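*Asks:* Here it is, the structure in full.
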Amino acid sequence: MTVESTAARKPRRSAGSKAGTTGTKRTTRTTPKKGADPDLVQLLTPEGERVENPEYDRYVEGITPDELRGLYRDMVLTRRFDAEATSLQRQGELGLWASLLGQEAAQIGSGRALNDDDYVFPTYREHGVAWCRGVDPANLLGMFRGVNNGGWDPNSNNFHLYTIVIGSQTLHATGYAMGVAKDGADSAVIAYFGDGASSQGDVAESFTFSAVYNAPVVFFCQNNQWAISEPTEKQTRVPLYQRAQGYGFPGVRVDGNDVLACLAVTKWALERARNGEGPTLVEAFTYRMGAHTTSDDPTRYRHDDERAAWEAKDPIARLRTYLLDSDHADEGFFAELEAESEALGRRVREAVRAMPDPDHFAIFENVYADGHALVDEERAQFAAYQASFADAEGGR
């Protein structure tokens with residue numbers, strides 16, 4: 001499959017929907033490894049070993065080797081265009097970029113759990129979920145370049161435009177889910193947000209309304225442990241998933257670097273929603289490997305040894321190990337994927353550099369319906385500032 005057809009295709013049905021078995025050669029175990037968090041749902045260890053979970057195994061028991069390779073491919077290609085976007089921003093081609101590095105499993109696992117008619121409300125970092133919903137990566141980058149307001153039709157992919165205001169999309173998702181329930185539709189809604197957004201009032205309000213009205217919504221919190229420079233322990237005294245108890249609906253913590261566990265837990269939560277059992281809070285316990293955005297310097301507030309510890313839990317590396325040890329993939333597959341990855345990077349780079357420069361004066365438009373003297377003054381000052389560069393060039 002070519003890169004172009006992958007980006008343009010309609011979202012496929014959720015992984016694990018086909019009959020069959022994984023055919024693994026490795027012996028599975030049911031007890032967590034020493035030191036593992038007993039509250040953390042995990043199906044694939046950092047060492048690439050499949051572990052059994054009586055509650056969630058059934059949601060991935062039919063997953064085929066082809067689907068496993070598909071999950072791996074999704075994560076690799078998502079990481080590739082994310083890296084390309086970071087490079088483009090450093091080269092002045094994008095105004096800003098919010099990297100998902102380290103969070104691929106949480107996004108691909110949950111994204112592939114969705115049905116076509118489910119609706120997604122993202123924040124601004126859900127590039128992997130956008131990939132799963134068939135949104136072309138170039139559209140994502142166009143927004144961060146300032147040449148469009150999203151670039152895709154939300155109704156074509158059931159994937160809402162990115163939300164910059166922290167936490168507000170959870171209210172939108174709750175309202176939409178309430179409407180879905182009133183319409184009697186057999187679909188669910190999922191809202192993505194981070195650990196920092198979990199402290200916002202909008203999120204608390206959405207929890208209240210979704211619980212009271214039994215809305216078919218899944219709240220998917222990617223706890224990457226840093227709200228910019230604020231660690232999670234500065235925001236809460238209990239694990240985030242336990243907050244759901246106070247609102248009267250279940251919460252679960254899943255290994256956010258385990259794509260199989262994220263797939264299974266999200267399928268379970270979506271099944272509850274479609275069955276009229278109301279909302280669920282899923283806390284994907286993961287880690288932001290890079291900066292909050294390209295305007296941030298994480299070395300100022302966290303230590304290298306912390307990052308190194310999480311590098312050992314890399315979501316792509318663990319699935320690669322599992323694929324190899326289970327004879328579900330060979331070196332030929334990985335070589336072909338590497339070539340496809342490079343092709344995607346080139347296509348994204350070329351697409352961004354072919355985009356026009358954004359209109360620098362557009363930021364002054366539509367601030368006030370009838371205009372404003374202060375905005376006019378600021379526009380004039382900015383025009384003089386821009387003209388100074390031309391004057392400096394002319395004087396050389």
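The values are calculated or read from the model by the stated rules, or taken from the named source; none is laboratory data. A quick note: this is a predicted structure, and the numbers were derived from the prediction, not measured. When we count neighbours, we look across all protein chains shown, and the Cβ atoms used for this are built from the backbone with ideal geometry, even at glycine. The protein model used for the area step is the full one, side chains on, heavy atoms only, and it has no ligands, DNA or RNA in it. Shrake-Rupley method; radii C 1.70, N 1.55, O 1.52, S 1.80 Å.
*Asks:* So, in region 28-47, exactly how many residues are over 22 Å from the mean Cα position of the chain (by Cα) and modelled with pLDDT of 95 or more?
*Replies:* Count: 1.
*Asks:* Taking only region 335-346 into account, find how many residues are more than 13 Å from L71 (Cα to Cα), in contact with a helix residue (DSSP H, G or I) (Cβ under 9 Å, 6 or more places away or on another chain) and either among the acidic types (D, E) or open to solvent by less than 40 Å² (accessible area, probe 1.4 Å) (or both).
*Replies:* 7
*Asks:* Being β-branched (V, I, T) and open to solvent by less than 50 Å² (accessible area, probe 1.4 Å) is the filter here, so list the residues in region 155-169 that pass it.
*Replies:* T163
*Asks:* Working only within region 280-326, note down all residues that are over 16 Å from the mean Cα position of the chain (by Cα), of a type outside the set (S, T, Y) and within 23 Å of V252 (Cα to Cα).
*Replies:* If the condition is that a residue be over 16 Å from the mean Cα position of the chain (by Cα), of a type outside the set (S, T, Y) and within 23 Å of V252 (Cα to Cα), then W310, K313, R318, L319 are the ones that fit.
*Asks:* Follow-up. Mind telling me which of the residues E331, E350 ends up being among the charged types (D, E, K, R) and farther than 19 Å from R69 by Cα?
*Replies:* On inspection, the qualifying residue turns out to be E350.
Yes or no, residue by residue, for (1) among the hydroxyl-bearing types (S, T, Y); (2) modelled with pLDDT of 95 or more; (3) part of a loop (DSSP other than H, G, I, E, B); (4) surrounded by fewer than 22 Cβ atoms within 10 Å (Cβ to Cβ):
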{"site": "A106", "(1), (2), (3), (4)": "no, yes, no, no"}
{"site": "S110", "(1), (2), (3), (4)": "yes, yes, no, no"}
{"site": "L114", "(1), (2), (3), (4)": "no, yes, yes, no"}
{"site": "V120", "(1), (2), (3), (4)": "no, yes, no, no"}
{"site": "L140", "(1), (2), (3), (4)": "no, no, no, no"}
{"site": "G151", "(1), (2), (3), (4)": "no, no, yes, yes"}
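*Asks:* Quickly run through region 278-304 and pick out the residues that are of a type in the set (D, E), touching a residue at least 24 places away in the same chain (Cβ under 8 Å) and open to solvent by 10 Å² or more (accessible area, probe 1.4 Å).
*Replies:* D296
*Asks:* Looking at region 44-58, I want the residues that are β-branched (V, I, T) and outside any loop (DSSP other than H, G, I, E, B) and have a partner that is at pLDDT below 95 and open to solvent by 30 Å² or more (accessible area, probe 1.4 Å) with Cβ atoms under 9 Å, at least 6 apart or on another chain. Which pairs are those?
*Replies:* So the pair list comes out as V51/T28; V51/R29; V51/T30; V51/T31; V51/P32; V51/K33.
*Asks:* Inspect all residues belonging to region 230-244 and state whether any of them is of a type in the set (S, T, N, Q) and open to solvent by 30 Å² or more (accessible area, probe 1.4 Å).
*Replies:* yes
*Asks:* For region 175-198, which residues satisfy the criterion of being assigned to a helix (DSSP H, G or I) and more than 19 Å from the chain's Cα centre (by Cα)?
*Replies:* Across region 175-198, the qualifying residues are G175, Y176, A177, M178, G179, V180, A181, K182, D183.
*Asks:* For residues that are in a strand (DSSP E or B) and of a type outside the set (D, E), tally how many sit in region 199-236.
*Replies:* Selection size over region 199-236: 10.
*Asks:* Please work out if N223 is polar (S, T, N, Q), in contact with a Pro (Cβ under 9 Å, 6 or more places away or on another chain), modelled with pLDDT of 95 or more and open to solvent by 50 Å² or more (accessible area, probe 1.4 Å).
*Replies:* Against the criterion (polar (S, T, N, Q), in contact with a Pro (Cβ under 9 Å, 6 or more places away or on another chain), modelled with pLDDT of 95 or more and open to solvent by 50 Å² or more (accessible area, probe 1.4 Å)), N223 does not qualify.
*Asks:* Sticking with this structure for a sec: Mind checking whether some residue in region 72-80 is farther than 30 Å from M355 by Cβ, at pLDDT 95 or above and not polar (S, T, N, Q)?
*Replies:* yes
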